[in-house]
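A short write-up of the structure that comes next.
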Amino acid sequence: QLQLVESGGGLVQPGGSLTLSCAASRGILDYYNVAWYRQAPGKEREPVSCISSSEYMRTTNYTESVKGRFAISRDNAKNTVYLQMNSLKAEDTGVYYCAADLDQMCLTTIVLPWDYWGQGTQVTVSS
């Protein structure tokens, strides 16, 4: 019932910023918890951030390495979840995916089987 499309990736210099978007082209994203994952070259996919549905007060979580630099938010009118990334580092490079689920716990400590995934958007941090 839900279809997700990520956008906003690209090449950015260290210290720069990017904003990623996760738009639901089908379905009402507000009902879902939404997570951002990333996968760096040669590494396993890891959770980055998560935001709960509006019913659960849009609670947010971040993995330790991005705390203070990234901010997740959602815009119901646009049926979209965003990931604002600031002070980017080379280690932030990877393919970023959004995932959604009606009942998955909004955790950033482990890779979980979220029901819906987007196709990913590439983020490259390099000088």
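Tabulated data for the structure shown
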quantity	calculated
Whole-Hz ³J(HN,Hα) from phi, Karplus 6.51 cos²θ - 1.76 cosθ + 1.60, for the range 86-100, glycine and proline x	10, 6, 5, 10, 4, 5, 7, 4, x, 8, 9, 10, 9, 9, 9
Cβ-derived FRET efficiency at R0 30 Å, M105 paired with L11, nearest 0.05	0.35
Among L11, L88, L107: highest mean-square fluctuation, GNM of the chain, C-alpha pairs under 10 Å	L11
Long-range HN-HN contacts of F70 with modeled amide H, under 5 Å	N86
Accessible area of S54 in the full protein assembly, 1.4 Å probe (Å², nearest 10)	40
Accessible area of the chain divided out per residue, in Å², using a probe of 1.4 angstrom	52
Per-residue ³J(HN,Hα) for the range 70-82, Karplus 6.51 cos²θ - 1.76 cosθ + 1.60, θ = phi - 60°, Hz, x for Gly and Pro	10, 9, 9, 8, 9, 10, 5, 4, 9, 6, 9, 10, 10
Gaussian network model of the chain, springs between alpha carbon atoms under 10 Å - residue of S73, S21, S52 with greatest fluctuation	S73
Percent carbon-and-sulfur accessible area, the chain, ignoring ligands, DNA and RNA, probe 1.4 Å	49
Sequence-distant residues sharing a close amide H with K89 (under 5 Å, placed H)	G15
Estimated FRET transfer efficiency (Q119, M57; beta-carbon r; R0 41 Å; 0.05)	0.90
Most mobile listed residue (L29, L112, L83) in the chain, GNM with C-alpha springs under 10 Å	L112
Cα-centre dipole for the range 1-97 with unit charges at Cβ (Lys and Arg positive, Asp and Glu negative), debye to 20	80
Vicinal HN-Hα couplings computed from phi for the range 5-11 (Karplus, 6.51 cos²θ - 1.76 cosθ + 1.60; Hz; Gly/Pro x)	9, 8, 7, x, x, x, 9
Dipole of the chain [Lys/Arg +1, Asp/Glu -1 at C-beta], most positive-end residue of M105, Q84, A23	Q84
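The values are calculated or read from the model by the stated rules, or taken from the named source; none is laboratory data. The model shown is predicted, which means the values in this text are computed figures rather than measured ones. Virtual Cβ from ideal backbone geometry, glycine too; neighbours counted across all protein chains shown. Protein only, heavy atoms only, side chains kept; ligands, DNA and RNA dropped before computing areas. Shrake-Rupley method; radii C 1.70, N 1.55, O 1.52, S 1.80 Å.
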